[in-house]
1. What's the angle, to the nearest 10 degrees (0 to 90), between helix 54-69's Cα axis and the longest principal axis of the chain?
2. Per the Kirkwood treatment, what hydrodynamic radius in Å, one decimal, follows for the stretch 146-245 from the mean inverse distance over all distinct Cα pairs?
3. Name the shape class, rounded, prolate or oblate, that the alpha-carbon gyration tensor gives for the chain, where a ≥ b ≥ c are the square roots of its eigenvalues, rounded holds for a/c under 1.5, and otherwise prolate holds if a/b is larger than b/c and oblate otherwise.
4. Suppose every Lys and Arg Cβ carries +1 and every Asp and Glu Cβ carries -1, with no other charges. What dipole size does the chain come out with about its Cα centre, to the nearest 20 debye?
5. Are there cysteines in the chain with no second cysteine's Cβ under 4.7 Å away, and if so, which?
6. Under 5 Å between amide H atoms, partner at least 5 residues away or on a different chain: which partners does residue 74 have, H built in plane at 1.01 Å?
7. Need one number: nm distance between label points at residue 136 and residue 32, each 7 Å from Cα along Cα→Cβ, rounded to one decimal.
8. Under the rule of at least 5 residues apart or a separate chain, name every residue whose amide H is placed under 5 Å from the amide H of residue 219.
Amino acid sequence: MVDPSLRDFERIVFFTGAGMSAESGVPTYRGAGGIWREYDYRRYACQTAFARDPDAVWEFHNFRRELVSRCHPNGGHRLIAWAEALLPRVTVVTQNIDGLHQAAGSRRVFELHGNLWRVRCASCRTSVQDEHVVRHELRCPSCGGWWRPDIVWFGDMLRSDVVMDAERAIRGCDLFVSIGTSAVVYPAAELPLLAVRGGALCVEVNPEETPASEHYQLHLRGPATAMLARLAAGIPELDAALVDP
Ligand code: OAD
(Lines give C-alpha, C1' and ligand atoms only; values in the text may rest on other atoms or scores of the structure.)
Protein backbone atom coordinates (compact mmCIF):
# COMPACT_ATOMS: atom_id res chain seq x y z
CA MET A 1 0.00 0.00 0.00
CA VAL A 2 1.18 3.53 -0.79
CA ASP A 3 1.70 5.65 2.32
CA PRO A 4 -0.57 8.72 2.69
CA SER A 5 1.01 11.91 1.45
CA LEU A 6 0.16 15.48 0.49
CA ARG A 7 -1.86 14.05 -2.41
CA ASP A 8 -4.42 12.61 0.03
CA PHE A 9 -5.68 16.06 1.07
CA GLU A 10 -8.03 18.52 -0.61
CA ARG A 11 -7.18 21.78 1.11
CA ILE A 12 -3.68 22.20 2.46
CA VAL A 13 -2.28 25.18 4.36
CA PHE A 14 1.47 25.63 4.78
CA PHE A 15 2.07 27.99 7.68
CA THR A 16 5.65 29.18 7.49
CA GLY A 17 8.16 31.04 9.62
CA ALA A 18 11.80 32.02 9.38
CA GLY A 19 13.01 28.39 9.55
CA MET A 20 11.44 27.88 6.10
CA SER A 21 14.06 30.19 4.59
CA ALA A 22 16.96 29.14 6.81
CA GLU A 23 18.29 26.71 4.20
CA SER A 24 18.26 29.57 1.69
CA GLY A 25 20.64 31.50 3.96
CA VAL A 26 18.13 33.97 5.41
CA PRO A 27 18.85 34.29 9.14
CA THR A 28 16.09 33.38 11.59
CA TYR A 29 15.07 35.85 14.31
CA ARG A 30 15.75 33.80 17.42
CA GLY A 31 18.32 31.18 18.37
CA ALA A 32 21.96 31.08 17.29
CA GLY A 33 22.67 33.66 14.58
CA GLY A 34 19.18 35.15 15.05
CA ILE A 35 18.59 38.74 13.89
CA TRP A 36 17.18 39.90 17.23
CA ARG A 37 20.31 38.64 18.99
CA GLU A 38 22.42 41.08 17.02
CA TYR A 39 19.99 43.95 16.39
CA ASP A 40 17.74 45.47 19.04
CA TYR A 41 14.25 45.66 17.50
CA ARG A 42 13.56 48.74 19.66
CA ARG A 43 16.19 50.60 17.62
CA TYR A 44 15.38 49.18 14.17
CA ALA A 45 11.93 47.63 13.94
CA CYS A 46 9.25 49.74 15.55
CA GLN A 47 7.43 52.95 14.69
CA THR A 48 9.02 54.83 17.60
CA ALA A 49 12.51 54.06 16.28
CA PHE A 50 11.46 55.13 12.78
CA ALA A 51 10.04 58.44 14.04
CA ARG A 52 13.28 59.06 15.98
CA ASP A 53 15.80 58.04 13.32
CA PRO A 54 14.40 56.93 9.94
CA ASP A 55 17.86 56.80 8.36
CA ALA A 56 19.09 54.24 10.88
CA VAL A 57 15.96 52.13 10.42
CA TRP A 58 16.40 52.27 6.63
CA GLU A 59 20.07 51.35 6.94
CA PHE A 60 19.01 48.19 8.79
CA HIS A 61 16.34 47.34 6.20
CA ASN A 62 18.65 48.03 3.25
CA PHE A 63 21.12 45.64 4.87
CA ARG A 64 18.36 43.02 5.11
CA ARG A 65 17.40 43.60 1.46
CA GLU A 66 21.01 43.11 0.38
CA LEU A 67 21.19 39.91 2.37
CA VAL A 68 17.91 38.49 1.03
CA SER A 69 18.73 39.54 -2.55
CA ARG A 70 21.62 37.05 -2.46
CA CYS A 71 19.29 34.20 -1.37
CA HIS A 72 17.25 31.87 -3.56
CA PRO A 73 14.24 29.68 -2.87
CA ASN A 74 15.22 26.31 -1.47
CA GLY A 75 13.83 22.86 -2.22
CA GLY A 76 11.11 23.32 0.40
CA HIS A 77 9.83 26.53 -1.21
CA ARG A 78 9.86 24.81 -4.59
CA LEU A 79 8.04 21.75 -3.29
CA ILE A 80 5.25 23.93 -1.87
CA ALA A 81 4.92 25.75 -5.20
CA TRP A 82 4.81 22.38 -6.94
CA ALA A 83 2.03 21.25 -4.60
CA GLU A 84 -0.01 24.36 -5.45
CA ALA A 85 0.35 23.65 -9.15
CA LEU A 86 -0.70 20.00 -8.85
CA LEU A 87 -3.17 19.76 -5.99
CA PRO A 88 -6.70 21.18 -5.71
CA ARG A 89 -6.20 23.89 -3.06
CA VAL A 90 -2.90 24.89 -1.51
CA THR A 91 -2.42 28.08 0.50
CA VAL A 92 0.69 29.55 2.05
CA VAL A 93 0.22 31.65 5.18
CA THR A 94 3.62 33.08 5.98
CA GLN A 95 5.21 35.23 8.63
CA ASN A 96 8.18 35.73 6.32
CA ILE A 97 8.81 39.00 4.53
CA ASP A 98 11.49 37.74 2.11
CA GLY A 99 9.22 36.94 -0.87
CA LEU A 100 10.90 33.55 -1.43
CA HIS A 101 7.61 31.62 -1.66
CA GLN A 102 6.54 33.83 -4.57
CA ALA A 103 10.03 33.59 -6.12
CA ALA A 104 9.61 29.80 -6.07
CA GLY A 105 6.29 30.08 -7.92
CA SER A 106 3.67 30.07 -5.15
CA ARG A 107 0.71 32.29 -6.05
CA ARG A 108 -1.73 31.94 -3.17
CA VAL A 109 0.40 33.50 -0.45
CA PHE A 110 -0.91 35.49 2.52
CA GLU A 111 1.88 37.51 4.12
CA LEU A 112 0.96 38.20 7.73
CA HIS A 113 3.96 40.44 8.38
CA GLY A 114 4.17 42.26 5.04
CA ASN A 115 6.94 42.24 2.47
CA LEU A 116 10.48 43.59 2.50
CA TRP A 117 10.13 44.47 -1.19
CA ARG A 118 7.22 46.86 -0.74
CA VAL A 119 7.23 50.34 0.77
CA ARG A 120 4.40 52.49 1.98
CA CYS A 121 4.21 56.17 2.78
CA ALA A 122 3.98 56.77 6.50
CA SER A 123 1.78 59.84 5.82
CA CYS A 124 -0.53 59.20 2.85
CA ARG A 125 -0.23 55.38 3.06
CA THR A 126 0.43 54.95 -0.68
CA SER A 127 2.02 51.53 -1.13
CA VAL A 128 4.37 50.51 -3.95
CA GLN A 129 6.43 47.49 -4.95
CA ASP A 130 10.13 48.26 -4.84
CA GLU A 131 12.69 45.73 -6.03
CA HIS A 132 15.74 48.00 -5.58
CA VAL A 133 18.25 46.19 -3.44
CA VAL A 134 19.13 49.44 -1.69
CA ARG A 135 16.48 52.11 -1.37
CA HIS A 136 17.96 55.61 -1.68
CA GLU A 137 14.76 57.58 -2.28
CA LEU A 138 13.21 57.87 1.15
CA ARG A 139 10.49 60.48 0.54
CA CYS A 140 7.08 59.94 -1.07
CA PRO A 141 6.82 62.02 -4.30
CA SER A 142 3.09 62.65 -3.72
CA CYS A 143 3.14 64.11 -0.23
CA GLY A 144 6.78 64.33 0.90
CA GLY A 145 6.22 61.86 3.77
CA TRP A 146 8.71 59.11 4.63
CA TRP A 147 8.62 55.81 2.81
CA ARG A 148 8.78 52.98 5.32
CA PRO A 149 9.14 49.26 4.65
CA ASP A 150 5.63 47.80 4.29
CA ILE A 151 6.27 45.24 6.98
CA VAL A 152 4.78 44.71 10.40
CA TRP A 153 7.03 46.11 13.12
CA PHE A 154 6.71 45.51 16.82
CA GLY A 155 3.60 47.31 18.03
CA ASP A 156 2.02 47.51 14.53
CA MET A 157 -1.35 45.97 13.73
CA LEU A 158 -1.52 43.18 11.16
CA ARG A 159 -3.55 43.99 8.03
CA SER A 160 -7.08 42.84 8.79
CA ASP A 161 -7.86 41.76 5.19
CA VAL A 162 -4.78 39.52 5.12
CA VAL A 163 -5.59 38.04 8.52
CA MET A 164 -9.19 37.34 7.45
CA ASP A 165 -8.06 35.60 4.26
CA ALA A 166 -5.54 33.55 6.23
CA GLU A 167 -8.11 32.61 8.87
CA ARG A 168 -10.61 31.50 6.25
CA ALA A 169 -8.04 29.25 4.58
CA ILE A 170 -6.91 27.77 7.89
CA ARG A 171 -10.44 27.11 9.17
CA GLY A 172 -11.30 25.23 5.99
CA CYS A 173 -8.17 23.14 5.54
CA ASP A 174 -7.89 19.39 6.03
CA LEU A 175 -4.08 19.39 6.33
CA PHE A 176 -2.19 22.10 8.19
CA VAL A 177 1.60 22.03 8.02
CA SER A 178 3.53 24.44 10.21
CA ILE A 179 7.14 24.89 9.12
CA GLY A 180 10.00 26.63 10.90
CA THR A 181 8.27 28.90 13.36
CA SER A 182 9.09 29.29 17.05
CA ALA A 183 5.37 29.99 17.69
CA VAL A 184 6.04 32.79 20.14
CA VAL A 185 4.87 35.85 18.19
CA TYR A 186 1.19 36.74 18.44
CA PRO A 187 -1.33 36.98 16.88
CA ALA A 188 0.29 34.71 14.25
CA ALA A 189 1.04 32.05 16.86
CA GLU A 190 -2.65 31.51 17.63
CA LEU A 191 -3.73 30.90 14.03
CA PRO A 192 -2.86 27.15 14.10
CA LEU A 193 -5.55 26.67 16.73
CA LEU A 194 -8.17 27.38 14.05
CA ALA A 195 -6.90 24.35 12.15
CA VAL A 196 -6.95 22.22 15.29
CA ARG A 197 -10.54 23.25 16.06
CA GLY A 198 -11.53 22.69 12.43
CA GLY A 199 -10.43 19.07 12.65
CA ALA A 200 -7.49 19.30 10.22
CA LEU A 201 -4.57 16.96 10.51
CA CYS A 202 -1.85 19.18 11.96
CA VAL A 203 1.84 18.53 11.28
CA GLU A 204 4.75 20.47 12.76
CA VAL A 205 8.02 20.64 10.82
CA ASN A 206 10.77 21.98 13.05
CA PRO A 207 14.08 20.54 14.25
CA GLU A 208 13.10 21.71 17.74
CA GLU A 209 10.08 21.46 19.98
CA THR A 210 8.03 24.67 20.31
CA PRO A 211 5.39 25.95 22.76
CA ALA A 212 2.78 24.91 20.16
CA SER A 213 4.05 21.35 19.63
CA GLU A 214 1.35 19.84 21.81
CA HIS A 215 -1.33 20.92 19.29
CA TYR A 216 0.15 18.87 16.46
CA GLN A 217 -0.61 15.19 15.87
CA LEU A 218 2.61 14.64 13.95
CA HIS A 219 6.06 16.15 14.48
CA LEU A 220 8.73 16.00 11.81
CA ARG A 221 11.94 16.94 13.58
CA GLY A 222 14.33 18.01 10.88
CA PRO A 223 15.03 20.72 8.31
CA ALA A 224 12.17 21.99 6.15
CA THR A 225 13.32 20.67 2.78
CA ALA A 226 13.98 17.10 3.86
CA MET A 227 10.81 16.90 5.95
CA LEU A 228 8.64 18.31 3.15
CA ALA A 229 10.13 15.80 0.76
CA ARG A 230 9.04 13.06 3.15
CA LEU A 231 5.52 14.49 3.31
CA ALA A 232 5.36 14.65 -0.45
CA ALA A 233 6.62 11.10 -0.88
CA GLY A 234 4.28 9.64 1.70
CA ILE A 235 5.24 8.59 5.17
CA PRO A 236 3.94 5.89 7.49
CA GLU A 237 3.75 8.32 10.44
CA LEU A 238 1.12 10.31 8.57
CA ASP A 239 -0.96 7.17 8.30
CA ALA A 240 -0.79 6.65 12.06
CA ALA A 241 -1.69 10.28 12.77
CA LEU A 242 -4.68 10.03 10.44
CA VAL A 243 -6.21 7.04 12.21
CA ASP A 244 -5.29 8.16 15.74
CA PRO A 245 -5.65 11.95 15.90
P1 OAD B 1 12.03 32.44 14.75
O2 OAD B 1 13.40 32.91 14.45
O3 OAD B 1 11.43 32.89 16.03
O4 OAD B 1 12.00 30.85 14.75
C5 OAD B 1 12.56 30.10 13.71
C6 OAD B 1 12.20 28.63 13.92
O7 OAD B 1 12.70 27.92 12.80
C8 OAD B 1 12.78 27.99 15.17
O9 OAD B 1 11.75 27.31 15.87
C10 OAD B 1 13.81 26.99 14.63
O11 OAD B 1 13.89 25.81 15.41
C12 OAD B 1 13.26 26.69 13.25
N13 OAD B 1 14.23 26.29 12.24
C14 OAD B 1 15.53 26.66 12.12
N15 OAD B 1 16.09 26.12 11.02
C16 OAD B 1 15.12 25.38 10.41
C17 OAD B 1 15.06 24.59 9.22
N18 OAD B 1 16.12 24.41 8.43
N19 OAD B 1 13.88 23.99 8.92
C20 OAD B 1 12.80 24.14 9.71
N21 OAD B 1 12.80 24.87 10.84
C22 OAD B 1 13.93 25.49 11.18
O23 OAD B 1 11.13 32.83 13.49
P24 OAD B 1 9.55 33.03 13.40
O25 OAD B 1 8.82 32.05 14.23
O26 OAD B 1 9.22 33.11 11.96
O27 OAD B 1 8.08 39.19 13.04
O28 OAD B 1 9.38 34.47 14.03
C29 OAD B 1 8.10 35.03 14.08
C30 OAD B 1 8.19 36.51 13.91
O31 OAD B 1 9.11 37.05 14.87
C32 OAD B 1 8.78 36.99 12.59
O33 OAD B 1 7.84 37.00 11.53
C34 OAD B 1 9.24 38.36 12.91
C35 OAD B 1 9.91 38.10 14.24
O36 OAD B 1 9.98 39.16 15.11
C37 OAD B 1 8.15 40.48 12.73
O38 OAD B 1 9.17 41.01 12.33
C39 OAD B 1 6.85 41.18 12.88
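1. 40
2. 14.8
3. Judged from the Cα gyration tensor, the chain comes out prolate (a/c at least 1.5, a/b above b/c).
4. Computed charge dipole of the chain: roughly 700 debye.
5. 46, 71, 173, 202
6. none
7. Going from the residue 136 label point to the residue 32 one covers 4.0 nm.
8. 204
The values are calculated or read from the model by the stated rules, or taken from the named source; none is laboratory data. Note that the structure is a prediction, hence the values are computed from the model and not measured. Heads up, the Cβs are rebuilt from the backbone with ideal geometry, glycines too, and the neighbour counts pull from every protein chain shown. All accessible areas refer to the heavy atoms of the entire protein, side chains included, with ligands and DNA or RNA removed. Shrake-Rupley method; radii C 1.70, N 1.55, O 1.52, S 1.80 Å.
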